[in-house]
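The values are calculated or read from the model by the stated rules, or taken from the named source; none is laboratory data. Since the model is a prediction, treat every value here as computed from it, not as a measurement. When we count neighbours, we look across all protein chains shown, and the Cβ atoms used for this are built from the backbone with ideal geometry, even at glycine.
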Amino acid sequence: MEINNKTIAVIIDFDNFNKDLHLQILFNELEQMGNVIYKGAFYTNTVDKDVKNKGIKYGINDFIVEPSYSKGKNAVDIRIALDIMELLNKEYIDCFCLATTDLDFAPIIKKLKQRNKFVIGSGLSSTKEEYKKLCHRFISVDKIEEALEDTKEVKSKNNNQNQKSKIANNRNNESIKELVKIVNLILKNSEKDNEEYIQFSVIIENLYKKIPDFNPKNYGFSNNKPSLFFKDTLKDTYDFKQSNKTLYIKIKK
C-alpha cells in the first residue's frame, strides 16, 4: 500500500535527531505521504544555539525544553509520551511520525496502533529490526542520505571522482539485486491469477514486512512511490498490467 493523504503529527526527539540533512530528508518524505499539521521538537540541550534556527527553517510548531533533573531516565522521553497521548485524542490526526534513535518508545507505538493510528518511525538504519517492524513504515534517513551522495558521485564529471562513481554504481546495483531476490521470493509464494499476475499492493505489503525501511530513495530513485520505482527501474525484470485502478505484477519471462 502506498501512503498518501495522511494527516500527520511529527514528534522529534531533538536530543538525538537533529542533523540538518536528516530533518530535510524526513520532511521531504512526509510531504509525499500526506499533510503534516503538527511538528513538535523536544530536547534538553539548551546550549545548542542552532536549535531555534532549525525550528524556524523547518516550521516546527513547538520547541519543548525539558531539562533533565536527575540521572537515568531522560525527562524528554516522558514529556514526549505525555504529549503523544494528548494528541491521540485529536481524531483528525490519523498518522504519527516518531523521529528518534531511542528505542524506548516501543510501548507508545503499540498504543498508537491499538487506537488505529498509522505509525511512521524515523531514525538510523542501524535501528533494531524488531523496533522497525513495530512501525507501519520506517524511514532510515542515513540510507537516503547515502543514496543522495551516491547519486551526486554518479552525476559528477570530475575525473578525480570517476572511481567513486563506479563504486556508487556497483553498490546500488548490488542493493537492487538483493531487492529483486526478496521480491521474487514473495512472488513465488503468493497466489496468482490465471496469467500469473499478483496484486502489486500485496507484494509491497509483504516487502515492508521483510524490509521495514524499504524506500525507492534508498536506491537513488527520486520518488518514494514503489509503483513508480518498479515500473521505471525494474521494468526489465517485471511485467505489469492495470485493471481499473489496481496494479498487478509478475516476473518477466
Exercise. State all residues of the range 122-135 that are in contact (Cβ under 8 Å) with a residue 40 or more places away in the chain and under 22 Å from Ile93 (Cα atoms); if no residue qualifies, say none.
Key: Ser122, Gly123, Lys132, Lys133, Cys135
Quiz item: Of the residues that make up the range 49-64, is at least one crowded, with 17+ Cβ neighbours inside 10 Å, in a strand (DSSP E or B) and in contact with an Asp or Glu (Cβ under 7 Å, 6 or more places away or on another chain)?
Solution: no
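Is the range 83-101 home to any residue that is over 29 Å from Gly220 (Cβ atoms), in contact with a strand residue (DSSP E or B) (Cβ under 9 Å, 6 or more places away or on another chain) and modelled with pLDDT under 90?
Within the range 83-101 (the criterion being over 29 Å from Gly220 (Cβ atoms), in contact with a strand residue (DSSP E or B) (Cβ under 9 Å, 6 or more places away or on another chain) and modelled with pLDDT under 90), the answer is no, since none of the residues qualifies.
When you check Phe221 against the structure, is it under 25 Å from Val141 (Cβ atoms), among the aromatic types (Phe, Trp, Tyr), buried (at least 18 other Cβ atoms within 10 Å of the Cβ) and at pLDDT 95 or above, yes or no?
The answer is no for Phe221.
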Exercise. Give just the number: which of (1) more than 20 Å from Asp236 (Cα to Cα); (2) in a helix (DSSP H, G or I) does Asn194 not satisfy?
Key: (2)
Quiz item: Can you name the number of the only condition in (1) assigned to a loop (DSSP other than H, G, I, E, B); (2) loosely packed, with under 15 Cβ neighbours inside 10 Å that Lys209 fails?
Solution: (1)
